[in-house]
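See structure below.
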Amino acid sequence: MEAYKDSSKSINVRVNDLLKRMTLEEKLAQLCGNLPFNIIRGNKVNIQKLKEIAKDGLGRITQFSLVGLINKTDIVHLSNEIQKFFIEETRLGIPVVFQSESLVGYPGKGGTIFPSMMNLAATWNETLANKMALIIGQEVKSVGISSVMSPVLDVSRDPRWGRTYETFGEDPYLITQMGINYIRGIQSNNVSAIAKHFLGYAETQGGLNLAAERLNSRELYEVFATPFEAAINEADVDGIMGSYSEINGLPVGANPKIGRKLLRDILGFKGMFTSDGAAIWKMYNYYKIAASYDEAGLIALKAGIDTEIPVGSAFKNLKKYVKNGRLSEKLVDESVKRVLWLKFKRGLFEHPYVSESNKVYLTDFEKQNLNKKISDESIVLFKE
């Protein structure tokens, strides 16, 4: 038996064994995502399309909740049919990760949707954050999702910013405690949490999304990085997402001082650092710091970004930069190891399929009681 298939081996041994068996194309595929509507039509999996876009494997199918407005049985069937392709039809049988947002619940038929993060923060009750995340983790796991792009750990001090409701507010300590408990709740279900947005995303000029940040390095670390540092050291968060915004004229995804020096060397993060959706495309099309979309992918990987979502159109083309010497394959290997590590950690190689007899997922009276408790405790009265 190959070492990577042997569950008695350590994750390090399994990762290294699998990595040495992979072609460069297979490595790059693990750094890429894709969207469910590219392979699902009319609630049916297009196997031929899968063969076209994922013959070398795939890291993740993101925004998997887009298929969620159908009953659980159908979702589970789709998840298992897609996963079967990766296990049986790709050379190395590396499972794919199904990923969704799921900030306040799984937005599928029968899923429990909780109040906003701002409501949760207003309770000042971190136990409720943990209980809510436990339920979210159970429900997403029951349909095959093993990674959620939450929680939002942005310190949001400007209410003009349109995404403030997604945050825990403006107090770094409160955000930290809510974030730690939320992450623990999600990950206790063997689901990876991806904390976002690193870094300072809510502190943009004029309260505008995608605008520039004017932050000095001390404030960036002591205020905005604090919740992420706690998520890393106290909650062992699996993933972190880079923000769209730019600091000192450079997008976060292109800035090694943020993605390598601060995140890796100072904060000690060992997990997966992913782009936000289409962030690498924006580096080319919006910020115009690269001559091409592919070159934006090169800049991002060298700056510390491990994976490109939702579709890895730039990262899948990094082979040419390895071949011409502009990109070291060792850097590619570092990112691939982080992706594979999480797949082993979350047991996808041993348990790639979803149990169709699993009764979890539909909301119930107990879950709705927690929903109401969060709503009630979030009410704040002001006294003159």
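The values are calculated or read from the model by the stated rules, or taken from the named source; none is laboratory data. Here the structure is a predicted model, which means the values were calculated and not measured. Cβ coordinates were reconstructed from backbone atoms using ideal geometry, including for glycine residues, and neighbour counts include every protein chain displayed. For the accessible areas, the whole protein counts, side chains as well, though only heavy atoms, and no ligand, DNA or RNA atoms are used. Shrake-Rupley method; radii C 1.70, N 1.55, O 1.52, S 1.80 Å.
Could you please find all residues in segment 57-76 being over 24 Å from residue 23 (Cβ atoms) and small (Gly, Ala, Ser)?
Matches in segment 57-76: 65, 68.
Look at residue 340 and say whether it is open to solvent by less than 50 Å² (accessible area, probe 1.4 Å) and not basic (Lys, Arg).
So residue 340 passes the test.
Please work out which residue is farthest from residue 143 (Cα to Cα), limiting yourself to segment 359-384 and to residues that are in a loop (DSSP other than H, G, I, E, B) and open to solvent by less than 60 Å² (accessible area, probe 1.4 Å).
378
Quick test of your reading of the structure: residue 257 fulfils all but one of (1) outside any loop (DSSP other than H, G, I, E, B); (2) touching a strand residue (DSSP E or B) at 6+ places or on another chain (Cβ under 9 Å); (3) open to solvent by 10 Å² or more (accessible area, probe 1.4 Å); (4) in contact (Cβ under 8 Å) with a residue 60 or more places away in the chain. Name the failing condition by number.
(4)
Here is a list: 213, 203. Which entry is of a type outside the set (Lys, Arg), open to solvent by less than 10 Å² (accessible area, probe 1.4 Å), closer than 20 Å to residue 242 by Cα and touching a helix residue (DSSP H, G or I) at 6+ places or on another chain (Cβ under 8 Å)?
Going through 213, 203 in turn, just one is of a type outside the set (Lys, Arg), open to solvent by less than 10 Å² (accessible area, probe 1.4 Å), closer than 20 Å to residue 242 by Cα and touching a helix residue (DSSP H, G or I) at 6+ places or on another chain (Cβ under 8 Å): 213.
What about residue 146, is it among the small types (Gly, Ala, Ser) and surrounded by fewer than 24 Cβ atoms within 10 Å (Cβ to Cβ)?
Here the answer is no, as residue 146 does not meet what is asked.
Take segment 123-140 and flag every residue that is in contact with a Phe, Trp or Tyr (Cβ under 9 Å, 6 or more places away or on another chain) and open to solvent by 10 Å² or more (accessible area, probe 1.4 Å).
The answer is 126, 130, 135, 138.
Against the conditions (1) in contact with a Leu (Cβ under 6 Å, 6 or more places away or on another chain); (2) closer than 25 Å to residue 298 by Cα; (3) assigned to a loop (DSSP other than H, G, I, E, B), where does residue 28 fall short? Just the number, please.
Here residue 28 meets the rest and fails (3).
Of the conditions (1) in contact (Cβ under 8 Å) with a residue 40 or more places away in the chain; (2) in a loop (DSSP other than H, G, I, E, B), residue 105 fails just one. Which one is it?
All conditions are met except number (1).
Would you confirm whether or not segment 311-318 contains a residue that is in contact with a Cys (Cβ under 8 Å, 6 or more places away or on another chain), aliphatic (A, V, I, L, M) and in contact (Cβ under 8 Å) with a residue 40 or more places away in the chain?
Yes: one or more hits.
So that you can scan it fast, the table gives a plain yes or no per residue for (1) more than 18 Å from the chain's Cα centre (by Cα); (2) in a loop (DSSP other than H, G, I, E, B); (3) aromatic (Phe, Trp, Tyr):
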site	(1), (2), (3)
159	yes, yes, no
175	yes, no, no
183	no, no, no
186	no, no, no
194	no, no, no
197	no, no, no
200	no, yes, no
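Going by what's in this entry, would residue 226 be described as surrounded by fewer than 20 Cβ atoms within 10 Å (Cβ to Cβ) and in contact with a helix residue (DSSP H, G or I) (Cβ under 7 Å, 6 or more places away or on another chain)?
yes
Please verify whether residue 190 is open to solvent by 10 Å² or more (accessible area, probe 1.4 Å), modelled with pLDDT of 95 or more, in a helix (DSSP H, G or I) and not acidic (Asp, Glu), treating the condition exactly as stated. Lay out the reasoning, then the answer.
Details: open to solvent by 10 Å² or more (accessible area, probe 1.4 Å): yes; modelled with pLDDT of 95 or more: yes; in a helix (DSSP H, G or I): no; not acidic (Asp, Glu): yes.
Criteria not met by residue 190.
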